[in-house]
Amino acid sequence: MKILVFSLLAIGTLALSSCKENKEQKSTTETSMQHDMSMMSDSSSMGDMPMDGKVTVIDAKKTSANLTELYSHYTHLTFALSGDDDKEAVNAAKGMLEALTKIDKNGFSAEQKKEYAELESSIKEHAQHIADNAGNIDHQREHLDLMSEDFYDLLKDFGTSKTVYKIFCPMYNDNKGAFWLSDSREIKNPYYGKKMASCGEVQEEIK
């Protein structure tokens, strides 16, 4: 009889102990799940935020619009030289120098300001040479060649409000070649003028 009583007590004690462990395990599991859900929620809410908390926005259209007048004088210059008109090339270069003073650089990032300053300095130098060399169209054309590289970088890095074509002339500069930029696919070669007006091919579109 005593053995039976002790056996029942032992079974009851094991049952209670097992129940308690199950409750503690369930409680621990629920707490862990709640913690994991909380972490997932926090991670989700932070997913769209940059790690440093800062957002930089560059208005590319604004910088492109500020270059419109400058680029129009560059186009004027290529037309003048394609017509062998050195005096009109001087006017275009002077217009370019004036347009450079009007460009608002407040919308540029620090990196853009640095890059633009280098291009501006180079364009100004070439425009000044062209403006100072009426009667020496060959010299004007040499500076158009160098200046076109600056404008190419300018439009690619700062944008353009319309499609611009890069047109390559393979014969200029002892067959080393040179390019110019145009709003049209029509070839009007500024390096040879009327002598070889149609020499060139479209190499690239800048949009």
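The values are calculated or read from the model by the stated rules, or taken from the named source; none is laboratory data. What you see is a predicted model; the values in this text were computed from it and never measured. Glycine gets a Cβ as well: all are built from the backbone with ideal geometry, and neighbour counts include every protein chain shown. These area figures cover heavy atoms from the full protein model, side chains too; ligands, DNA and RNA do not enter into them. Shrake-Rupley method; radii C 1.70, N 1.55, O 1.52, S 1.80 Å.
For the range 150-197, which residues satisfy the criterion of being open to solvent by 60 Å² or more (accessible area, probe 1.4 Å), assigned to a loop (DSSP other than H, G, I, E, B), more than 30 Å from Q112 (Cβ to Cβ) and touching a residue at least 60 places away in the same chain (Cβ under 8 Å)?
K188
Tell me the residue from K94, K102 that is surrounded by fewer than 19 Cβ atoms within 10 Å (Cβ to Cβ), not acidic (D, E) and not in a helix (DSSP H, G or I), please. Working first, answer last.
Values: K94 fails: not in a helix (DSSP H, G or I).
Criteria check complete, one pass: K102.
All but one of (1) under 25 Å from K207 (Cα atoms); (2) of a type in the set (A, V, I, L, M, F, W, C); (3) part of a helix (DSSP H, G or I) hold for A89, so report the exception by its number.
(1)
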